[in-house]
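Student: Okay, here's the structure, questions in a sec.
The values are calculated or read from the model by the stated rules, or taken from the named source; none is laboratory data. Just so you know, these numbers come straight off a predicted model, no measurement behind them. Note that we place each Cβ from the backbone using ideal geometry, even for glycine, and neighbour counts take in every protein chain shown. Note: accessible area is taken over every heavy atom of the protein model, side chains too, but ligands, DNA and RNA are not part of it. Shrake-Rupley method; radii C 1.70, N 1.55, O 1.52, S 1.80 Å.
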Amino acid sequence: MRKVFLILWMAAWSSELVAQEPKHERELENFVILTDQDFYLSGDRLWFGAKLLKNHESYRYSKLAYLTLLDHQGKEVHSEKMLLSGQDMVFGDIFLPENASTGVYSLLLYTKWMSSYRDFPIARRDFLVVNSRAPQAPGQPKLWMQKTPFEKLPVALFHTSSEPELIEVQDLQGKTLEVLERVPPFEKFLINVDHSQRYQVIFRNEVFQASPSPWLWDPSDFSIQSQQESVSGHKVLVHTDWEILEELKPVGGRVELDRTRYQGISYFDITSLDPEGNVSWSYRVNNPAHLQGNWSINSKARVGEPLKLDFTGFPVTVQNGFVLAKSLEQSLISDWIASLNDPNWEEMGSGKKSSKLPESLRNLVLETPILKDYSPMFSYKPYSIDGPGLFPGSFQPKDYSFSLPLSILETKVNRKMYQEHFGLEEEVMELESPFVADKIYYLEDYDEFPDFESFVRQIIPQVKLKKSKGSSDKQILLANTDNEQVRFNKIPVVLVDFYRVEDLAEIWSLDMVSLDRVEVYYHRETVQKTNLGEEVGDGLIVIYTKNNEYALKKNIPKSRYFLSDVQVPRKPDYGKNLTANVTANPLQFLDPGFAFLRGRARINALVFDTAGDWRVESWIFGNGNFHRFEKNISIGH
């Protein structure tokens, strides 16, 4: 009896402990965005990729990504709605307008679910666009300061003036503490200040006041210490943009984090909330997390020589990733853009308030969050989300003056002139399926067939061709596997590059050389997971051309595009990589969504068509987090 009582008491005691632990069962999600460059000229082609990271595995939420490109004044330049791939990824290209003004542009990505919360911190990626005919950005030069929650370290700043500037540091009584003469634009400089006292910085005859950090971060023991008189009623949340990691209360003005929770996390934010729940302080910790595993690629190769990229020894939680090979940016540009995308850097005197996850979660727009964003897609209205109204903190413009050194601008202009002279920039890309097909047939494996009809008849067993009564026309029937006995009695929807085929004679006349692959969807569960509605209830056959050229060559009207206002992921066409053409494209390779199997992955054909120094970046995703690796390689003739 005593044993039974003891067991019951221990169970009650442990359940009480669990009840005292902060609960973070709220399901969250957000994007991580990457672009192929930090710096573009007007008229350039921008390639992007994004991964939706989640703290849940529910299918209830988003399968659509809403994309908006803003110019330096916050005006919309481009917007579209894209289907997420089966790996929760989107990728594609945007042509920047030829008349685009010089400035800092922003690419924003969000889902309909995020509009459940007022001012949710949606993903944003800032980058530079320069019009070579008017390279000076309008506006006022700005001064930027880095948050420094450390007791004795100097404070870093930079400015965006077009020329070197005089910068003076004073105490609040106007006593000069430090004078820096001829500080170059964009280059970071340091000032030494007393972190316990307020001070002011004089820049272009304007006074900017700076206050001591209310908290000091100690990375040695993973703790923060308050510099305020009282933190009664305050709480501290540790989080990413898609997950709450810890919720803590100060004890004696100190908060200690559980170090073991952050071993595999690239970065996390520490946010302090006052008794009313408002953000009083926030700091992003870039965590040198070590991820088990290795990746390898040769550091040297020649033009046209395929390189192998191997990933080995990674945890089984690693699922997929992006690989891109791109041109090296000037360090001045890459450092500057990195600072603009770092929340620890703030524009002095702007008064702009960025979105914070803990604050947003208090402002539920609806009584219950949106549970589904995708069933079926034909019920959607184009761009039905008011982004600027719902996410004002993320839609703020980066409108300030700057002027780039001529040497940096010349490199970009020369590359563009070369491409225009030789006509090397082609507006083609490959479409990627956002769905998971039952079977995929790649046409390059069947080049012995003279025409598409014979290929379908002899290679695709899930399809049967039947002559129509009283006609020589053929009808496509799809295998019905709903019962034990397979019958060919389903009539599928047939698409080419997601354009509806109105007459099957269109597909029988397709040139085999122009085709890339055929996807077949015939199992009931597979068809249902596409969420394309009742119209595809009998199945789906999607034929892809190599260069997404079907609609253009056949002059197909937009009304026949099957997915309404929704686009599918797309990537560059590398079908001509082994030719002798030197494209000088700043993006030489992109493999979005390559998959891991038991901690291993391989990419066999990373090919460069242009000699020079390049950077290979790998973004690895898994277990609701990501890691980035990079290596510089040299390509010779």
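Student: Pairs of alpha-carbon atoms within less than 8 angstrom and 6+ residues apart define the contacts here; what relative contact order does segment 439-546 have, in percent?
Tutor: 31 percent
Student: Can I ask one more? Suppose every K and R has +1 on its Cβ and every D and E has -1 on its Cβ; what is the size of the dipole of segment 68-172 about the Cα centre, in Debye to the nearest 20?
Tutor: Computed about the Cα centre, the dipole is about 320 debye.
Student: Where does each of 86-92, 546-552 land if you order them by average Cβ count within 10 Å, highest first?
Tutor: 86-92, 546-552
Student: Quick check: convex hull of the Cα atoms in segment 224-286, volume per residue, rounded to a whole Å³?
Tutor: Cα-based convex hull of segment 224-286, divided per residue, equals 84 Å³.
Student: Just to compare against my own numbers: the Cα pair-distance distribution for segment 68-130, 5 Å bins, whole % per bin, please.
Tutor: With 5 Å bins starting at 0, P(r) equals 4, 14, 25, 24, 18, 10, 5, 1.
Student: Could I ask something else about it? Hey, can you grab everything whose amide H is under 5 Å from the amide H of L41? Only 5+ residues off in sequence or another chain; H modelled, so Pro and N-termini drop out.
Tutor: V130
Student: Simple spin-label model, 7 Å along Cα-to-Cβ: L190 to E525 in nm?
Tutor: Each label point is offset 7 Å from its Cα along the Cβ direction, giving 5.9 nm.
Student: Just the C-alpha atoms of the chain: what Rg/Rh do they give, with Rh taken as the Kirkwood radius?
Tutor: A ratio of 1.01.
Student: Any chance you could give the angle, 0 to 90 degrees and rounded to 10, that helix 331-340 forms with the longest Cα principal axis of the chain?
Tutor: Orientation of helix 331-340: about 80 degrees from the principal axis.
Student: Return the Rg/Rh value of segment 260-343, two decimal places, where both radii are evaluated on C-alpha atoms and Rh is the Kirkwood radius.
Tutor: Rg divided by Rh gives 1.10.
Student: Let me ask something else about it. Kindly state, to the nearest 0.05, the FRET efficiency for D342 paired with R628, given R0 = 22 Å and r defined as their beta-carbon distance.
Tutor: Taking R0 as 22 Å, the efficiency between D342 and R628 is 0.95.
Student: Tell me the relative contact order for the chain as a rounded percent, counting alpha carbon contacts under 8 Å between residues six or more apart.
Tutor: In percent, rounded to a whole number, it is 18.
Student: Sort E444, E27 by heavy-atom solvent-accessible area, probe 1.4 angstrom, most to least.
Tutor: E444, E27
Student: At a 1.4 Å probe, what is the % contribution of carbon and sulfur to the accessible area of the chain?
Tutor: 48 percent
Student: Now, a different point. Compute the angle between helix 406-422 and the longest alpha-carbon principal axis of the chain, please, reported from 0 to 90 degrees and rounded to the nearest 10.
Tutor: 10 degrees
Student: Right, something else. Defining a contact as two alpha carbons under 8 Å apart and six or more residues distant in sequence, what relative contact order in percent does segment 143-203 show?
Tutor: About 38 percent, as a whole number.
Student: Please state the equivalent ellipsoid semi-axes for segment 103-247: what are the square roots of 5 times the Cα gyration tensor eigenvalues, largest first, in whole Å?
Tutor: Over the Cα atoms of segment 103-247, the semi-axes work out to 30, 28, 13 Å.
Student: Which residue, chosen from P275, I244, L257, occupies the Cα position most advanced towards the positive end of the dipole of segment 224-286, where the dipole is computed from +1 (Lys, Arg) and -1 (Asp, Glu) charges on Cβ about the Cα centre?
Tutor: L257
Student: Let me ask you something else. Once you charge only the Cβ atoms, +1 for Lys and Arg and -1 for Asp and Glu, what is the size of the charge dipole of segment 439-546 about its Cα centre, to the nearest 20 debye?
Tutor: Taking the Cα centre of segment 439-546 as origin, the dipole is about 480 debye.
Student: Could you work out [θ]222 nm for the chain from helices alone, using -39500 (n - 2.57) per DSSP H run of at least four and dividing by all its residues? Round to the nearest 500 deg cm²/dmol.
Tutor: -3500 deg cm²/dmol
Student: Estimate the FRET efficiency between D221 and Q140 by the formula 1/(1 + (r/R0)^6), using the beta-carbon distance for r and 56 Å for R0, to the nearest 0.05.
Tutor: 0.85
Student: Go through 145-158, 387-400 and give me the packing order, highest mean Cβ count within 10 Å leading.
Tutor: Averaged packing, sorted descending, gives the order 387-400, 145-158.
Student: Along each of the three principal axes of the Cα atoms of segment 496-613, give the extent in whole Å, ordering the values from largest to smallest.
Tutor: 52, 42, 27
Student: Sticking with this one: Over segment 439-546, one equal point on each Cα, no solvent: what is log10 I(q)/I(0) by the Debye formula at q = 0.20 Å⁻¹?
Tutor: -1.13
Student: Further question on the same structure: Can you tell me the length gained on complete extension of the stretch F449 to R198, counting 0.36 nm per residue apart and subtracting the Cα distance?
Tutor: 82.6 nm
Student: How far apart, in nanometres, would the label points at E502 and L177 be if each is projected 7 angstrom from Cα along the Cα-to-Cβ direction?
Tutor: So the label points at E502 and L177 sit 7.3 nm apart.
Student: Continuing with this model, one more query. Rounded to the nearest 20 Debye, what is the dipole magnitude of the chain about its Cα centre when Lys and Arg each give +1 and Asp and Glu each give -1 at the C-beta?
Tutor: For the chain, the charge dipole is close to 1140 debye.
Student: With no solvent and one point on each alpha carbon, what is the Debye value of log10 I(q)/I(0) for segment 22-124 at q = 0.12, 0.13 Å⁻¹?
Tutor: Scattering profile of segment 22-124, log10 relative to I(0): -0.44, -0.50.
Student: Bin all alpha-carbon pair distances of segment 204-350 at 10 Å intervals from 0 and give each bin's fraction as a whole percent.
Tutor: Taking all Cα pairs of segment 204-350, the binned fractions are 8, 27, 28, 20, 12, 4, 0 percent.
Student: Set Lys and Arg Cβ to +1 and Asp and Glu Cβ to -1, take the dipole of segment 439-546 about its Cα centre, and tell me which of F488, I460, N531 lies farthest positive.
Tutor: It is F488, whose Cα lies furthest towards the positive end.
Student: Okay, next question. Rg/Rh for segment 143-203 to two decimals, with Rh computed the Kirkwood way over all alpha-carbon pairs.
Tutor: My calculation of the ratio gives 0.95.
Student: Something else about it: For the residue pair R362 and N298, what label-to-label distance in nm results when each label sits 7 Å from Cα along the Cα-to-beta-carbon direction?
Tutor: The answer from the label model is 5.8 nm.
Student: By how many nm would the segment from L328 to S211 grow when fully extended, if each residue of separation counts as 0.36 nm and the alpha-carbon distance is taken off?
Tutor: Gain on stretching L328 to S211: 38.4 nm.
Student: Over segment 113-166, consider all pairs of different Cα atoms and compute the Kirkwood hydrodynamic radius from their mean reciprocal separation; express it in Å, one decimal.
Tutor: 15.6 Å is the Kirkwood radius here.
Student: Say R0 is 22 Å: what FRET efficiency, to the nearest 0.05, do S514 and V486 get from their beta-carbon distance?
Tutor: For R0 = 22 Å, the calculated efficiency reads 0.10.
Student: Angle check, please: helix 2-20 long axis (alpha carbons) against the longest principal axis of the chain (alpha carbons), in degrees 0 to 90, nearest 10.
Tutor: Compared with the principal axis, the helix lies near 80 degrees.
Student: Considering the zone a paramagnetic label at Q228 would reach in this model (a point 7 Å from Cα along the Cα-to-Cβ line), which residues of segment 247-270 have amide N under 19 Å from it?
Tutor: Taking a point 7 Å out along Cα→Cβ of Q228, the residues of segment 247-270 whose backbone N falls under 19 Å are 247-257, 269-270.
Student: Next question. E168 to A605: extension gain in nm, 0.36 nm per residue of separation minus the Cα-Cα distance?
Tutor: Length difference between fully extended and current span is 151.9 nm.
Student: With the Cα gyration tensor of segment 305-368 in hand, give its eigenvalues times 5 under a square root as the equivalent ellipsoid semi-axes, listed largest first in whole angstrom.
Tutor: Three semi-axes, in Å: 35, 25, 10.
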